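Below is one structure, written out as structure tokens, with a few remarks after it.
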């Protein structure tokens, strides 16, 4: 029995590390006896393979079976909550950690810092960090990354300097945090200095993530020629995120020439990826070149390229409510659209002017306005306003980047309703409060 336990746990661990999680599951199911180690091996396997939901479900099953978690189990379960930005379950696991004293484990505390940071509760991350008796490199990096996601460059850089003063060695992830904070705050020169010091002082070889941060640093600040120059000196071509970052800024700054160059490079490497088609379409649409938009759409259809659907979701009473643009599936459809109309009238009175360039269709302006009102994040926010009690923040997660019009609209909504609205999109956090956003309109 002990041998089976040992062998079974080792096999689960091996399969998990070899991307063969299904075989690991089979071993787990056939084990006649399971202990904390075997449950943990399976949970960590799910977590490492991106199956965060399965990891959380397994942790709940483990508790029902009265198996005591150790610090590795709990740390992994909390990390899975962080991956899903699932605050409620993560906070429950936090309270469970207090009872057996697992909170004193550095790995559990590190996971909680990450969880609160990814859920937009950066003050809770800081509180957790300050309460730790022993902090390692991961603790510092987790907090630095949390501040970076909010674009709080001053705090991120201060933390980084403090980390160095404690004699701790930053790693690749630490520098991703520092560089992304610089790019989100428009600190181009500072970002360049940190990139150089990472290579020359800390001996870290830049990864694709670091290069993407640098492309973002230049292009987000409108220095598109410098971004192009930086790409030409890179030891390898950017990945889809790097090209997408540059293209996105070309759209924002209306730079057709570099946008076309970036899109052609993107098409060559990733002919089936929809991002280049969508971003180049938006550059043409903003210039009113609808024939070219139609050509790109035809190209997508001919090649079988499908646009990624935008989804936004919000949690209410332990249930996740998912919305897509122009959603027709919600059981609250009539209420949502009626509330949305009333809210829109109030917004217009407050000076809201729809940004019609966010709609990539050659249709009447009235139809463009209707489309904007029914974007997925707007519907999720309206749902939150209807059902989440006043005084509580509205938390929305979106799988794509927030469009310019929804960003403007949400600022006005936060002022009219006096509600705090936190939107986590594919790039960063936006905390809307009293008519302003934490990103300072730089995203």
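The values are calculated or read from the model by the stated rules, or taken from the named source; none is laboratory data. As the structure is a prediction and not an experimental result, all values here were calculated from the model. Here the Cβ is made from the backbone with ideal geometry for all residues, glycine too, and neighbour counts use every protein chain on show.
Mind listing whichever residues of segment 268-280 are buried (at least 18 other Cβ atoms within 10 Å of the Cβ) and without any contact (Cβ under 8 Å) to a residue 60 or more places away in the chain?
Across segment 268-280, the qualifying residues are 275, 276, 277, 279, 280.
Does segment 65-74 contain any residue that is loosely packed, with under 15 Cβ neighbours inside 10 Å, in a helix (DSSP H, G or I), out of contact with any helix residue (DSSP H, G or I) (no Cβ under 8 Å at 6 or more places or on another chain) and not assigned by TED's automatic domain parsing to the domain that holds residue 426?
Within segment 65-74 (the criterion being loosely packed, with under 15 Cβ neighbours inside 10 Å, in a helix (DSSP H, G or I), out of contact with any helix residue (DSSP H, G or I) (no Cβ under 8 Å at 6 or more places or on another chain) and not assigned by TED's automatic domain parsing to the domain that holds residue 426), the answer is no, since none of the residues qualifies.
Only residues that are outside any helix (DSSP H, G or I) and closer than 20 Å to residue 226 by Cα: list them for segment 248-303, please.
Those that are outside any helix (DSSP H, G or I) and closer than 20 Å to residue 226 by Cα: 254, 255.
In segment 410-427, what residues are farther than 20 Å from residue 315 by Cβ and under 12 Å from the mean Cα position of the chain (by Cα)?
427 - this is the single residue of segment 410-427 that is farther than 20 Å from residue 315 by Cβ and under 12 Å from the mean Cα position of the chain (by Cα).
Sort through 47, 95, 109, 86 and tell me the only one that's under 28 Å from residue 133 (Cα atoms) and out of contact with any helix residue (DSSP H, G or I) (no Cβ under 8 Å at 6 or more places or on another chain).
After ruling out the rest, the residue left standing is 95.
Which of the residues belonging to segment 164-221 are assigned to a helix (DSSP H, G or I) and without any contact (Cβ under 8 Å) to a residue 12 or more places away in the chain?
The answer is 164, 165, 189, 193, 196, 197, 199, 200.
With the requirement that a residue be surrounded by fewer than 21 Cβ atoms within 10 Å (Cβ to Cβ) and under 22 Å from residue 273 (Cα atoms), what does segment 235-247 give you?
If the condition is that a residue be surrounded by fewer than 21 Cβ atoms within 10 Å (Cβ to Cβ) and under 22 Å from residue 273 (Cα atoms), then 236, 237, 239, 240, 241 are the ones that fit.
Within segment 310-336, restricting attention to residues that are touching a residue at least 60 places away in the same chain (Cβ under 8 Å) and part of a loop (DSSP other than H, G, I, E, B), which residue is surrounded by the most Cβ atoms within 10 Å (Cβ to Cβ)?
Within segment 310-336, the match that is surrounded by the most Cβ atoms within 10 Å (Cβ to Cβ) is 310.
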